[in-house]
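Here is the structure we will look at.
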Amino acid sequence: MGFLLLRRLFGFALALMLASVVVFAMLEWLPGNAAEVMLGDTASPQAVAALSQKLGLDRPALVRYLEWTGGLLQGHTALSTSYDTPTWDLIVERLAVTLPLAVMAMVLTVAAALCGLFSATRPLSGPAVLAQPASRLRAASASTAEPRRAADK
């Protein structure tokens, strides 16, 4: 059991690392940089160069990536360029709304799955009989919501 948990944790860490490398590399290969986007098309090259230096975009990509991952491992998140606040504060602020919604969605999903399981194992029981019209209504609404093909017209 312990070995399986360690394997899963290692796989999770590896997936996170690979995803961060892929996203960072894709952002590096895009034309332009964050300073150009922030200042717009009308910005002078001197202003773009100054902001690039302030943001550290003039340093090699590998150095920036290693500093970013090292900061994350130490618990230091970046500063949001849009809001000029630490990104951790923004994440915590939005989690206050997101977590209750996610928990409610999970509870409703589990309840619906258990109802479906109960109805499937006891097809003539009261809950199953009540669930059948709702199931048929859902199936009917899904079939009418599909766009018609040109051959059907």
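So which residues in the range 47-72 are over 21 Å from Met17 (Cβ atoms) and assigned to a helix (DSSP H, G or I)?
If the condition is that a residue be over 21 Å from Met17 (Cβ atoms) and assigned to a helix (DSSP H, G or I), then Ala47, Val48, Ala49, Ala50, Leu51, Ser52, Gln53, Lys54, Leu55 are the ones that fit.
So, in the range 28-46, of the ones that are part of a helix (DSSP H, G or I) and either touching a residue at least 12 places away in the same chain (Cβ under 8 Å) or of a type in the set (Asp, Glu) (or both), which residue ends up surrounded by the most Cβ atoms within 10 Å (Cβ to Cβ)?
Once the filter is applied, the top-ranked residue is Ala35.
May I ask you to list pairs of residues, at least six apart or on different chains, whose Cβ atoms are under 6 Å apart, with the first in the range 1-24 being hydrophobic (A, V, I, L, M, F, W, C) and the second being part of a helix (DSSP H, G or I) and surrounded by 10 or more Cβ atoms within 10 Å (Cβ to Cβ)?
Once the first residue is hydrophobic (A, V, I, L, M, F, W, C) and sits in the range 1-24, its partners that are part of a helix (DSSP H, G or I) and surrounded by 10 or more Cβ atoms within 10 Å (Cβ to Cβ) give Phe24/Tyr65.
If I go through the range 78-89 residue by residue, how many of them are part of a helix (DSSP H, G or I) and either touching a residue at least 24 places away in the same chain (Cβ under 8 Å) or of a type in the set (Phe, Trp, Tyr) (or both)?
1
Got a sec? Which of Gln74, Gln53 is of a type in the set (S, T, N, Q) and more than 30 Å from Leu14 (Cα to Cα)?
Criteria check complete, one pass: Gln53.
Please state which one of Leu73, Leu55 is out of contact with any Leu (no Cβ under 9 Å at 6 or more places or on another chain), modelled with pLDDT under 90 and either exposed (fewer than 11 other Cβ atoms within 10 Å of the Cβ) or of a type in the set (Phe, Trp, Tyr) (or both).
Only one candidate qualifies: Leu73.
What's the number of the condition Ile91 fails, among (1) hydrophobic (A, V, I, L, M, F, W, C); (2) farther than 30 Å from Asn33 by Cβ; (3) modelled with pLDDT of 85 or more?
Single failed check for Ile91: (2).
Which one of these does Gly75 not meet: (1) in contact with a helix residue (DSSP H, G or I) (Cβ under 9 Å, 6 or more places away or on another chain); (2) in a helix (DSSP H, G or I)?
The failed condition is (2).
Which one is surrounded by the fewest Cβ atoms within 10 Å (Cβ to Cβ) among residues in the range 90-134 that are assigned to a helix (DSSP H, G or I) and either in contact with a Gly (Cβ under 8 Å, 6 or more places away or on another chain) or of a type in the set (D, E, K, R) (or both)? Working first, answer last.
Within the range 90-134, the first condition is being assigned to a helix (DSSP H, G or I), and the residues that meet it are 90-121, 126-134.
If we keep only those that are either in contact with a Gly (Cβ under 8 Å, 6 or more places away or on another chain) or of a type in the set (D, E, K, R) (or both) too, we end up with 93-94, 131.
Working: Glu93: 12, Arg94: 10, Ala131: 18.
Looking at the filtered set, the residue picked out is Arg94.
Of all residues in the range 76-89, which are surrounded by 11 or more Cβ atoms within 10 Å (Cβ to Cβ) and among the charged types (D, E, K, R)?
Asp89
The values are calculated or read from the model by the stated rules, or taken from the named source; none is laboratory data. Just so it is clear, the structure is predicted and the values come from calculations on it, not from any experiment. Glycine gets a Cβ as well: all are built from the backbone with ideal geometry, and neighbour counts include every protein chain shown.
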